[in-house]
Each structure stands twice: as structure tokens, then as C-alpha cells.
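One structure is given here, and the rest of the page talks about it.
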Amino acid sequence: KRLDRLKEKLRWPQDADQLPVMTWEELRAKSRSHAPEGADLTKLRHLVVFEGLVHDVTNFVPTHPGGVNILAPFLGKDISKAFNGEVYEHSNGAHNLLGTMRVARLVDDKKVL
């Protein structure tokens, strides 16, 4: 029973097939990193793309173990190479945590990535 209670508290990643689709244009419009001067940042998010899926990392940015400065250049962009070893080889735990932040599937020229 205790294990069942713990499992109920876990936030599982949404199945990628169930996610809405988003274009690069939509991602940029919703992303703080592409906000025009004077934009209301409270309505914008920190979005990244990893292996064709869009992730909202807004609430994670302040607590990232490597600090905000290491993430800043990647916000609003595809982080796949950096996340998979170009900058740092992330652990399975990091992959799982990122998975809980999925918000959309990226489409490019009407093709789902």
C-alpha cells in the first residue's frame, strides 16, 4: 500500500503520441528566449527540443545542477546533441526527468519529427 501511495505521487511522462504538435514558429512565439523587447515574460515559457519533442523547462531552469548560465544558450533550441554528450552526457535520471516536461511534438514542414 505504501508503494501504491508513492506511485500515485509520481508524474509520468506523457506518451509522445498523445501530445499536441507544435511548429518551430509556434515554439518561438511561446518561448522567452525569442521574446520581443517589452514582451510579458510571465506568459512565455522556457522551451527546448529534445529528439523531436518540445519540453517546458521553465520551472526547472532555476534548479538545474549546472546552473542557469549553462542552460541559457540552449533555451528555445534543439538540445539533443548537447544533452547526449556534446556538452555533457546526462544520466538516465536526467532523461527521465526531462521526459516529465514534455508538452508537444515538433513538426517541421508538416512532418512530425
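The values are calculated or read from the model by the stated rules, or taken from the named source; none is laboratory data. Predicted, not measured: the structure shown is a model, and the values here were computed from it. Every residue, glycine among them, receives a Cβ derived from its backbone with ideal geometry; neighbour counts consider all protein chains shown. Protein only, heavy atoms only, side chains kept; ligands, DNA and RNA dropped before computing areas. Shrake-Rupley method; radii C 1.70, N 1.55, O 1.52, S 1.80 Å.
Listed values, structure above:
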| quantity | calculated |
| --- | --- |
| Residue list for segment 75-89, restricted to those being within 22 Å of R105 (Cβ to Cβ), surrounded by fewer than 19 Cβ atoms within 10 Å (Cβ to Cβ) and of a type outside the set (S, T, Y) | K77, D78, K81, A82, N84 |
| Out of S80, S33, sole residue that is over 11 Å from the mean Cα position of the chain (by Cα) and among the polar types (S, T, N, Q) | S33 |
| Total residues in segment 31-50, condition assigned to a strand (DSSP E or B) and either polar (S, T, N, Q) or open to solvent by less than 60 Å² (accessible area, probe 1.4 Å) (or both) | 5 |
| Any hit, segment 57-73, residues being under 18 Å from V21 (Cα atoms), at pLDDT 90 or above, surrounded by 11 or more Cβ atoms within 10 Å (Cβ to Cβ) and not polar (S, T, N, Q) | yes |
| Residue count, segment 91-113 (criterion: surrounded by 14 or more Cβ atoms within 10 Å (Cβ to Cβ), of a type in the set (D, E, K, R) and modelled with pLDDT under 90) | 0 |
| Filter result for the condition that a residue is in contact with a Lys or Arg (Cβ under 8 Å, 6 or more places away or on another chain) and among the β-branched types (V, I, T), over T100, T23 | T100 |
| Flag if G76 is part of a loop (DSSP other than H, G, I, E, B), of a type outside the set (S, T, Y) and touching a strand residue (DSSP E or B) at 6+ places or on another chain (Cβ under 6 Å) | yes |
